[in-house]
Amino acid sequence: MILYSQDKNKQIKKGLYIVSTPIGNLDDFTFRAVEILKKSDYILCEDTRISKNLLNKYSINTKLISNHKFNEKKNLSKILAMLKSEKVVSLISDAGTPSISDPGSKLINECVINKIDIYPIPGPSAVSSAVSVSGFSEKFFFYGFFPEKEKNIHNDLNILSKIEASIVFFISPKKFNRSIFLLKKFFFGRKILICREISKFYEEYIRSDINSLEPFSSNPRGELTIVISEVLNNKKVSQKLEESDKKNIKKMIKKLSIKDITDLISQNKDISKKEIYNYCLKLKNEV
């Protein structure tokens, strides 16, 4: 691969630039991103107050235009007119790469339709950052934010649990606490990495088996990025039920059917369904 640097005195191409911004630490900003924003005619941003903190640090004085999910559609015609008049427009989000769980896709699609050039300026991403320290499979599926309705979460997790890859989510701590029982149901036997405040002073990485997940006693600030491991196939797993398996079954026996418990345990364990079923039946008869 041949790498090259852009001449700072050279004019940049006309079009729309999708510029990644730091996800926490303001020092995680690329030289190229700074130059592109300085040479832009306009910068579209979610929250002008947040963006000004970043731009002031790097002495970027380009005019800001508020462009968030509530006015993105309304702004389209005005922004397209700017681009058609050969203005250089950059799009940034509050943190990370625009249009990935952030506003931007509507504008990008309109630029595609109108044959306006679009250029990505790579940079920080909570998704790749979390996957890089997870130790899980490099093949991953990024889901984005959990939906609001529990029914939708239930249906989506059921589908995602069948994908042979790591799964990445964005979720609030409060919703995470409410969703733990679903994570245990659909990702039983897997491992999880919970990332909080990535690249910030109080960054934290919590590693756990999903079977052992417990709710946060107090909700931490900010959004969480969580990575769930691929299905773990351990060929050395005993053919017999281990004591840890029996304890888990005893916890579930009053809440789930024997069939559900059998499916959950056998999904990620090399144990016959018959043995699991018979143990569940034995517990039921003892009650």
(message) Go through (1) within 14 Å of the chain's Cα centre (by Cα); (2) surrounded by fewer than 13 Cβ atoms within 10 Å (Cβ to Cβ) for Asp117 and report which single condition fails.
(response) (1)
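Here are some residues: Glu230, Glu243. Which one is at pLDDT 90 or above and either farther than 15 Å from Ile180 by Cα or loosely packed, with under 14 Cβ neighbours inside 10 Å (or both)? So that I can check it myself, show each step before the final result.
Numbers: Glu243 fails: at pLDDT 90 or above.
Of Glu230, Glu243, the one residue that is at pLDDT 90 or above and either farther than 15 Å from Ile180 by Cα or loosely packed, with under 14 Cβ neighbours inside 10 Å (or both) is Glu230.
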(request) Could you please find all residues in the stretch 139-149 being in contact (Cβ under 8 Å) with a residue 12 or more places away in the chain and either in a loop (DSSP other than H, G, I, E, B) or over 14 Å from the mean Cα position of the chain (by Cα) (or both)? (result) Lys139, Phe146
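Each row is one residue, and each column tells you yes or no for (1) at negative phi; (2) in contact with a strand residue (DSSP E or B) (Cβ under 7 Å, 6 or more places away or on another chain); (3) in contact (Cβ under 8 Å) with a residue 40 or more places away in the chain; (4) surrounded by 15 or more Cβ atoms within 10 Å (Cβ to Cβ).
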residue: Lys175; (1), (2), (3), (4): yes, no, no, yes
residue: Leu183; (1), (2), (3), (4): yes, no, yes, yes
residue: Cys195; (1), (2), (3), (4): yes, yes, yes, yes
residue: Ile210; (1), (2), (3), (4): yes, yes, no, yes
residue: Met252; (1), (2), (3), (4): yes, no, no, yes
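Residue by residue, here is whether (1) assigned by TED's automatic domain parsing to the domain that holds Gly135; (2) at pLDDT below 90; (3) among the hydroxyl-bearing types (Ser, Thr, Tyr); (4) part of a helix (DSSP H, G or I) holds:
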position	(1), (2), (3), (4)
Lys184	yes, no, no, yes
Ile194	yes, no, no, no
Lys200	yes, no, no, no
Leu281	no, yes, no, yes
(message) For the stretch 88-111: of the residues being in contact with a Ser or Thr (Cβ under 6 Å, 6 or more places away or on another chain), assigned to a loop (DSSP other than H, G, I, E, B) and among the polar types (S, T, N, Q), which is surrounded by the most Cβ atoms within 10 Å (Cβ to Cβ)?
(response) Thr97
(message) If Val287 meets every condition in (1) modelled with pLDDT of 85 or more; (2) out of contact with any strand residue (DSSP E or B) (no Cβ under 6 Å at 6 or more places or on another chain) apart from one, which number is that one?
(response) (1)
(message) Restricting to the stretch 254-287, count the residues that are out of contact with any helix residue (DSSP H, G or I) (no Cβ under 8 Å at 6 or more places or on another chain), of a type in the set (S, T, N, Q) and surrounded by 11 or more Cβ atoms within 10 Å (Cβ to Cβ).
(response) 4
(request) Could you check how many residues of the stretch 171-203 are small (Gly, Ala, Ser), over 13 Å from the mean Cα position of the chain (by Cα) and more than 24 Å from Asp270 (Cα to Cα)? (result) 2
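If a residue must be in contact (Cβ under 8 Å) with a residue 12 or more places away in the chain and either under 17 Å from Leu54 (Cβ atoms) or in a loop (DSSP other than H, G, I, E, B) (or both), how many such residues does the stretch 77-87 contain? Can you show your working first?
Looking only at the stretch 77-87, we keep the residues that are in contact (Cβ under 8 Å) with a residue 12 or more places away in the chain, and these are 79-80, 82-84, 86-87.
Now restrict to residues that are either under 17 Å from Leu54 (Cβ atoms) or in a loop (DSSP other than H, G, I, E, B) (or both): 86-87.
Residues in the stretch 77-87 being in contact (Cβ under 8 Å) with a residue 12 or more places away in the chain and either under 17 Å from Leu54 (Cβ atoms) or in a loop (DSSP other than H, G, I, E, B) (or both): 2 in total.
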(request) Among the residues of the stretch 150-173, write down those that are part of a helix (DSSP H, G or I) and either surrounded by fewer than 20 Cβ atoms within 10 Å (Cβ to Cβ) or among the polar types (S, T, N, Q) (or both). (result) Glu150, Lys151, Asn152, Ile153, His154, Asn155, Asp156, Asn158, Ile159, Leu160, Pro173
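The values are calculated or read from the model by the stated rules, or taken from the named source; none is laboratory data. What you are looking at is a predicted structure, and each value in this text was computed from that prediction instead of being measured. Virtual Cβ from ideal backbone geometry, glycine too; neighbours counted across all protein chains shown.
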